[in-house]
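The values are calculated or read from the model by the stated rules, or taken from the named source; none is laboratory data. Everything numeric here is computed off the predicted structure, so don't read it as measured data. Cβ coordinates were reconstructed from backbone atoms using ideal geometry, including for glycine residues, and neighbour counts include every protein chain displayed.
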Ligand SMILES: Cc1cc2nc3c(=O)[nH]c(=O)nc-3n(C[C@H](O)[C@H](O)[C@H](O)COP(=O)(O)OP(=O)(O)OC[C@H]3O[C@@H](n4cnc5c(N)ncnc54)[C@H](O)[C@@H]3O)c2cc1C
Ligand SMILES: Cc1cc2nc3c(=O)[nH]c(=O)nc-3n(C[C@H](O)[C@H](O)[C@H](O)COP(=O)(O)OP(=O)(O)OC[C@H]3O[C@@H](n4cnc5c(N)ncnc54)[C@H](O)[C@@H]3O)c2cc1C
């Protein structure tokens with residue numbers, strides 16, 4: 001067996017390092033998640049929310065950008081509302097890896113002392129936040145959907161609990177910064193303003209490339225992969241579709257509306273469509289502006305994942321299907337007749353608009 | 001021999017949780033406890049490695065005495081040993097205090113049965129639902145973490161390397177890491193096996209090992225339980241059920257119904273928000 005390189009240095013019970021005069025912690029920091037220099041929408045949404053919190057606290061909005069060739073993102077962070085941007089730009093940070101990224105975050109947090117740190121509740125955001133909060137240590141609220149601050153400058157992070165049946169407000173008095181991950185699609189980003197200016201601070205990487213034991217071999221943008229969490233329109237189908245073929249029809253409607261296809265777990269389990277499309281408790285929690293539930297009965301595990309959509313259209317042949325209870329618009333009937341008619345109606349309307357524009 | 005630790009949590013079956021409409025509190029009574037859904041997928045992967053390479057699989061849980069049952073279920077599936085870390089003083093832990101106790105437990109498991117090569121956790125639990133405990137343990141033990149794993153591609157014992165596929169919102173990442181490593185499992189990773197007959201027989205007689213605060217010589221009492229938990233739940237409430245006035249679209253004539261639906265959608269702020277012309 002190969003010798004293990006690099007001895008582990010377990011640090012089981014971690015203590016705050018350095019300055020623990022918490023009153024010197026000021027500012028609201030947002031981690032800007034990116035891939036290939038493209039920021040995730042949740043990053044701008046959180047900067048938008050951070051400006052609201054920072055105004056109440058009378059402090060600055062700080063953005064933290066980590067990656068390779070990401071200087072443009074520093075500018076973009078300012079256009080989206082940041083006052084100060086900390087940038088760590090280095091080849092070995094091209095792809096996200098927990099250790100080198102968390103070392104940079106820890107360095108920046110300890111040196112520049114934000115009182116609040118926010119990250120997207122994405123897989124990467126949760127991976128990183130979990131590591132950092134343990135290291136600092138500090139309290140970390142998961143998956144927040146409401147954020148606020150009180151007179152004592154405490155962050156009040158509220159999150160759904162028990163399959164979204166309840167909301168819980170969580171705070172952390174003992175340590176700074178106060179940390180939270182927050183869901184995509186909940187908070188509003190500010191309009192991009194290219195006249196805004198701010199300060200960009202360069203930060204050196206905190207790990208030798210040779211020390212990093214994990215290696216990303218490749219990134220596969222899986223064919224047909226869908227980003228449900230960020231979609232504005234979702235056309236979801238369930239067992240009522242009768243087979244995989246009918247998903248073609250849903251795809252057509254989704255394409256017409258600029259949306260993506262979602263699914264219930266039942267059809268994912270049947271293998272009619274990939275797991276990436278599954279909405280619900282063991283799939284993705286979504287908050288699109290418009291959600292179509294087609295041939296989906298409305299089991300609680302499905303409903304918890306989509307009930308916060310702005311508008312829900314349900315189409316089901318069973319007038320008593322529970323999905324109708326949460327739908328804004330209900331059509332009782334056979335989806336095989338209704339969906340083609342809706343696709344046709346959308347196309348007709350688009351044509352009419354085009355003709356109107358011509359005159 | 002490889003030593004694999006699997007972290008499992010006993011959780012209330014969230015499908016059965018109801019809210020008392022009078023008091024707006026959770027009705028926990030009579031809610032069945034189950035092994036957290038994702039943790040069984042972590043266990044299954046550990047058992048597959050055991051089948052292929054030979055390994056000792058130690059399952060650990062921090063929880064009340066009744067969590068013994070969850071450990072027995074894991075033993076019936078093929079785990080070698082189950083450790084229950086249980087003490088009143090551990091109660092009320094948030095993720096920081098939980099990962100502290102679990103990291104100490106794993107360290108003690110290493111002292112007892114040898115160094116750990118891999119740790120499996122679930123992606124998240126069905127109750128706390130944070131996904132923070134796995135990264136917390138990895139950090140405390142100074143291990144690399146591979147979260148949201150959807151495929152365990154390979155293990156090379158000679159090279160002390162694993163290759164896995166991590167599932168991200170926008171795609172899949174193939175990552176190579178060196179042992180020891182902590183992995184958090186998605187449900188698409190595998191299909192958990194049923195208990196075997198010998199497994200069931202062993203589990204019927206099996207008594208999990210129980211460790212309390214007294215069993216840890218290096219335990220810092222200020223870091224456990226409610227006291228060791230920086231997060232405070234300041235209030236819980238039941239959100240106002242979204243008042244939906246369901247509008248029924250007459251479907252006698254599907255073409256008219258489709259037009260009717262579109263007219264209603266166009267009358268909302270959707271066209272403006274979605275940029276429909
Ligand atoms: C631990 C656990 C986790 C789960 N997680 C999830 C999850 O994340 N997401 C999820 O979705 N489910 C989840 N489930 C499963 C969930 O309980 C339901 O089984 C599932 O959502 C049902 O899917 P469905 O609505 O497609 O199927 P069904 O319940 O079978 O509904 C099919 C519907 O189609 C209608 N229909 C049939 N034919 C037509 C037609 N021609 N025209 C119009 N309507 C028609 C029927 O009236 C019916 O209402 C979970 C379950 C468990 C136990
Ligand atoms: C409604 C609610 C909301 C909460 N919100 C927060 C919050 O925002 N921040 C916070 O810090 N705490 C929070 N907690 C507390 C948190 O649930 C507990 O700390 C819990 O002990 C572990 O966290 P988790 O259930 O989120 O586990 P996760 O981090 O989701 O679990 C991931 C994996 O870690 C392992 N694991 C977790 N717990 C155990 C255990 N006891 N024994 C063995 N293995 C385990 C399992 O493999 C599991 O699949 C909340 C609790 C509740 C009930």
Those residues that are away from ligand 2 (no atom under 15 Å from the Cβ) and assigned to a strand (DSSP E or B), I need them from the stretch B:1-17; list them, please. B:2, B:3
Considering (1) away from ligand 1 (no atom under 16 Å from the Cβ); (2) surrounded by fewer than 22 Cβ atoms within 10 Å (Cβ to Cβ); (3) touching a residue at least 12 places away in the same chain (Cβ under 8 Å); (4) assigned by TED's automatic domain parsing to the domain that holds residue B:89, say which one residue B:184 fails and leave the rest. (2)
In the stretch B:106-158, how many residues are more than 13 Å from ligand 2 (Cβ to nearest atom), more than 19 Å from residue B:84 (Cβ to Cβ) and without any contact (Cβ under 8 Å) to a residue 12 or more places away in the chain? 4
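Name the residues in the stretch A:147-159 that are in contact (Cβ under 8 Å) with a residue 40 or more places away in the chain and under 22 Å from residue A:43 (Cα atoms), would you?
First, pick out the residues of the stretch A:147-159 that are in contact (Cβ under 8 Å) with a residue 40 or more places away in the chain: A:147-149, A:153, A:155.
Scanning the stretch A:147-159 gives A:147, A:148, A:149, A:155.
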Could you say whether any residue in the stretch A:78-85 is surrounded by fewer than 19 Cβ atoms within 10 Å (Cβ to Cβ), over 20 Å from residue A:206 (Cβ atoms), more than 14 Å from every other protein chain (Cβ to nearest Cβ) and under 18 Å from the mean Cα position of the chain (by Cα)? no
Log entry, pairs with first residue in the stretch B:253-269 being closer than 18 Å to residue A:233 by Cβ, second being in a loop (DSSP other than H, G, I, E, B), beta carbons closer than 7 Å, six or more apart or on different chains, reads B:261/B:249
Which of the residues belonging to the stretch A:40-68 are surrounded by fewer than 19 Cβ atoms within 10 Å (Cβ to Cβ) and on the phi > 0 side of the Ramachandran plot? A:58
Run residue B:158 past the list (1) modelled with pLDDT of 95 or more; (2) more than 9 Å from chain A (Cβ to nearest Cβ); (3) out of contact with any strand residue (DSSP E or B) (no Cβ under 6 Å at 6 or more places or on another chain) and report the number of the one that doesn't hold. (2)
If you take the residues of the stretch A:261-281 that are part of a strand (DSSP E or B) and closer than 22 Å to residue A:142 by Cα, which of them is farthest from the other protein chains (Cβ to nearest Cβ)? A:279
Picking from B:11, B:83, which residue would you name as being crowded, with 18+ Cβ neighbours inside 10 Å and closer than 20 Å to residue B:202 by Cβ? B:83
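Restricting to the stretch A:135-164, what's the tally of residues that are assigned to a loop (DSSP other than H, G, I, E, B) and over 25 Å from residue A:286 (Cβ atoms)? Before the answer, list the steps.
Filtering the stretch A:135-164 down to residues assigned to a loop (DSSP other than H, G, I, E, B) leaves A:136-139, A:145, A:150-154, A:162-164.
Filter once more, keeping what is over 25 Å from residue A:286 (Cβ atoms): A:136-139, A:150-154.
Qualifying residue count, the stretch A:135-164: 9.
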Would you confirm whether or not the stretch B:24-39 contains a residue that is without any contact (Cβ under 8 Å) to a residue 40 or more places away in the chain, at positive phi and outside any strand (DSSP E or B)? yes
Taking only the stretch A:108-134 into account, find how many residues are in a strand (DSSP E or B) and within 10 Å of chain B (Cβ to nearest Cβ). 1
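Name the residue, out of B:101, B:35, that is within 13 Å of ligand 2 (Cβ to nearest atom), modelled with pLDDT of 95 or more and under 15 Å from the mean Cα position of the chain (by Cα).
Values: B:101 fails: under 15 Å from the mean Cα position of the chain (by Cα).
One residue alone meets the criteria, B:35.
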Those residues of the stretch A:285-332 that are within 16 Å of ligand 2 (Cβ to nearest atom) and buried (at least 23 other Cβ atoms within 10 Å of the Cβ) come to a total of 0
When you go through (1) surrounded by fewer than 19 Cβ atoms within 10 Å (Cβ to Cβ); (2) in the same structural domain as residue B:59 (by TED's automatic domain parsing); (3) in contact (Cβ under 8 Å) with a residue 12 or more places away in the chain one by one for residue B:237, which number turns out not to apply? (2)
Answer from B:146, B:96, B:84 - the residue that is more than 10 Å from every other protein chain (Cβ to nearest Cβ) and either out of contact with any helix residue (DSSP H, G or I) (no Cβ under 9 Å at 6 or more places or on another chain) or more than 16 Å from ligand 1 (Cβ to nearest atom) (or both): B:84
Would you say residue B:255 is more than 7 Å from chain A (Cβ to nearest Cβ), in contact with a helix residue (DSSP H, G or I) (Cβ under 8 Å, 6 or more places away or on another chain) and in a helix (DSSP H, G or I)? no
